[in-house]
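To keep things clear, I will list the structure first and then write my remarks on it.
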Amino acid sequence: MPAARIPPPTPFVPDPQKFLTLIGRNMSQHAAKIPTWEALFSLTSQQLRESGVEPARSRRYLLHWREKFRNGQYGIGGDLSEVTDGVGELRVVEVPVSSGNRAATVTSSAGMKKVVVNVPVGADMPSVPLEQVKPVEQVRILGASTITGPRVEPFKGTNGQGARIVAKEGLWEQRRGHKIDGGERRKAEVRAKRRSAERKNSRA
């Protein structure tokens, strides 16, 4: 089997520590066991187990997010290119209707539309011409200029409304569902005992 592709790090996810921090579930405690970006995207489940990444559900969760990232399926903020110390700032700007895609867009004046874009920290405008900007994914514009989205932090800037996305613990975390009957390993045992008890009660 050919080796799986190792995707490049991004400004929002520059190293394994940040990746593990973002996906949450306390995975950042395993950062020392995955020292390099290459290791993060090449270690097998067995190798992760041998290095001490436990329990099994933690390995499955890590491998799940690893494949999503490999395929460009990031959590919020993963597509940002202007990031300083784990912070990406967003602004609403008007661009020609033909520019970019339709993510986070609102029709504005004739021939123009409002989009949410990533700007350098402290800036009001993107670092590239407006015709070339790429709207930020997973956010939207509410009303005239309010930026909303999961874990987005709004703030009032010098030139209107802005927002920021901060790379912090659990930003991309997918919450576990409530365990029923003791989780995966004990489920069959617990349910078998319950059925046995129900049969005894029915004969009583």
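The values are calculated or read from the model by the stated rules, or taken from the named source; none is laboratory data. What you see is a predicted model; the values in this text were computed from it and never measured. Quick reminder, even Gly has a Cβ in these numbers, built from the backbone with ideal geometry, and neighbours come from all protein chains shown. All accessible areas refer to the heavy atoms of the entire protein, side chains included, with ligands and DNA or RNA removed. Shrake-Rupley method; radii C 1.70, N 1.55, O 1.52, S 1.80 Å.
Points worth noting:
- All positions within the range 68-83 that are of a type outside the set (Gly, Ala, Ser), over 17 Å from residue 128 (Cβ atoms) and either open to solvent by 30 Å² or more (accessible area, probe 1.4 Å) or over 17 Å from the mean Cα position of the chain (by Cα) (or both): 68, 71, 73, 74
- Residue within the range 51-67 that is surrounded by 21 or more Cβ atoms within 10 Å (Cβ to Cβ), under 15 Å from the mean Cα position of the chain (by Cα), touching a residue at least 24 places away in the same chain (Cβ under 8 Å) and not assigned by the TED database to the domain that holds residue 128 present: yes
- Only one entry in 170, 143, 162 is loosely packed, with under 10 Cβ neighbours inside 10 Å, modelled with pLDDT of 85 or more and not basic (Lys, Arg), namely 143.
- When the range 126-140 is filtered for residues that are acidic (Asp, Glu) and open to solvent by 80 Å² or more (accessible area, probe 1.4 Å), only 131 remains.
- Scanning the range 41-62 for residues that are within 15 Å of residue 9 (Cα to Cα) and at pLDDT 95 or above turns up at least one hit.
- Index of the failed condition, residue 149 passing every other in (1) small (Gly, Ala, Ser); (2) loosely packed, with under 15 Cβ neighbours inside 10 Å; (3) under 16 Å from the mean Cα position of the chain (by Cα): (2)
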